[in-house]
Amino acid sequence: MKNIRFIVLGALFGIVLSKAEVISWYRIYEMFKFQSFHMYGIIGSAVVLGIILFSFFKKGTIKNYLGEKIMIEPKEKGFYRTIIGGTIFGLGWGLIGACPGPMFILLGRGVLSILIVIFGGLLGVLFYHAIKHKLPH
Amino acid sequence: MDFILEPWPWYIGGPFITLIMFFLFYYGKKFGISSNLESICAMGGAGKLHEFFTFDWKKNRWNLMFIIGTVIGGFIAFKFMTPDQAIALNPETISDLSEIGFQNAGVQYLPDEIFGLEALLSIKGAAILIIAGILVGFGSRYAGGCTSGHAITGLSNLELPSLIAVIGFFIGGLIMTWLILPLLF
């Protein structure tokens with residue numbers, strides 16, 4: 001079961017986001033009110049270190065576990081999809097204070113209500129694929 | 001040992017996220033949570049509703065394992081690592097929240113006004129939960145990623161689509177926080 005390592009990584013992710021209070025609705029509200037540096041510090045430091053990390057991937061200094069070069073799949077381009085999709089996502093994030101990762105972490109805390117949110121998330125995904133051909137991308 | 005039980009500062013949380021992203025890439029994968037929502041739909045038989053969901057979700061089994069891990073991690077952190085559930089919020093945030101109807105902000109980890117049983121059993125409360133979920137699910141797949149895929153991975157890779165998506169995340173979040181939340185509560 002080599003997938004067990006991903007359970008371990010996921011558990012670590014769940015612990016880190018819980019302990020750093022990223023999954024608290026209050027922290028997200030505070031972030032959008034610009035009343036705390038906390039969330040900006042977390043995302044900012046993760047990205048700055050990520051840029052350094054990816055530069056090592058691109059140079060080939062750091063290889064994957066098989067000794068191969070690590071490739072990062074580029075994101076799909078499209079102005080409308082990212083700005084409109086991003087805004088819709090942000091409305092939900094601001095309302096419920098949880099993006100997809102934290103939803104599952106909150107489930108682990110025993111927050112019953114989050115099951116409804118996750119169910120809504122699945123509906124949203126179905127809905128997107130049902131109407132995507134009509135949307136600008 | 002005390003440090004583990006205290007809330008972790010940003011300079012611990014942020015670097016840990018990068019470390020986890022490193023391991024995912026090191027093991028030949030990527031860091032993206034919202035695509036799991038598609039895998040769960042496919043696993044649940046959504047292929048009957050739309051051909052998109054006929055993809056082989058088993059290829060994403062590792063990522064489903066990752067989110068199962070996050071559930072376990074959330075449980076461990078809650079049960080054994082967080083004796084004090086209070087959030088040390090900015091006093092301004094607390095007074096802003098009390099103005100729009102949120103009492104005792106930060107005393108608990110989450111507001112009862114949104115996550116409490118009473119809210120869950122009310123029409124308004126249940127509607128907020130499901131609509132927020134739909135917005136997050138729909139928006140993340142339309143944008144092609146969520147906080148992990150766009151804000152962390154995409155920005156680390158200096159991608160323009162991710163920068164635009166993150167600007168969108170903030171437009172939406174600011175509209176919700178400043179304009180809509182005060183109307184809802």
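Brief remarks on what is shown
- Qualifying residue in region A:26-35 (condition: under 21 Å from B:TRP178 (Cβ atoms), crowded, with 24+ Cβ neighbours inside 10 Å and touching a Lys or Arg at 6+ places or on another chain (Cβ under 8 Å)): no
- Residue among A:THR87, A:THR82 that alone is among the hydroxyl-bearing types (Ser, Thr, Tyr), farther than 25 Å from B:LEU184 by Cβ, under 18 Å from the mean Cα position of the chain (by Cα) and in a helix (DSSP H, G or I): A:THR82
- Which numbered condition A:LYS2 misses (of (1) outside any helix (DSSP H, G or I); (2) crowded, with 23+ Cβ neighbours inside 10 Å; (3) more than 7 Å from chain B (Cβ to nearest Cβ)): (2)
- Meeting the requirement of 3 or more residues that are at the interface with another protein chain (Cβ under 7 Å from one of its Cβ atoms), the helices (runs of 4 or more DSSP H) wholly within region B:85-185 are B:91-99, B:123-143, B:160-174.
- Tally, over region B:37-62, of residues that are facing another protein chain (nearest Cβ under 7 Å) and either surrounded by fewer than 15 Cβ atoms within 10 Å (Cβ to Cβ) or not hydrophobic (A, V, I, L, M, F, W, C) (or both): 4
Taken together, the values in this text are just the output of simple stated rules run on the coordinates, not laboratory data. Everything numeric here is computed off the predicted structure, so don't read it as measured data. So basically every Cβ, Gly included, is an ideal-geometry build from the backbone, and we count neighbours across all protein chains shown.
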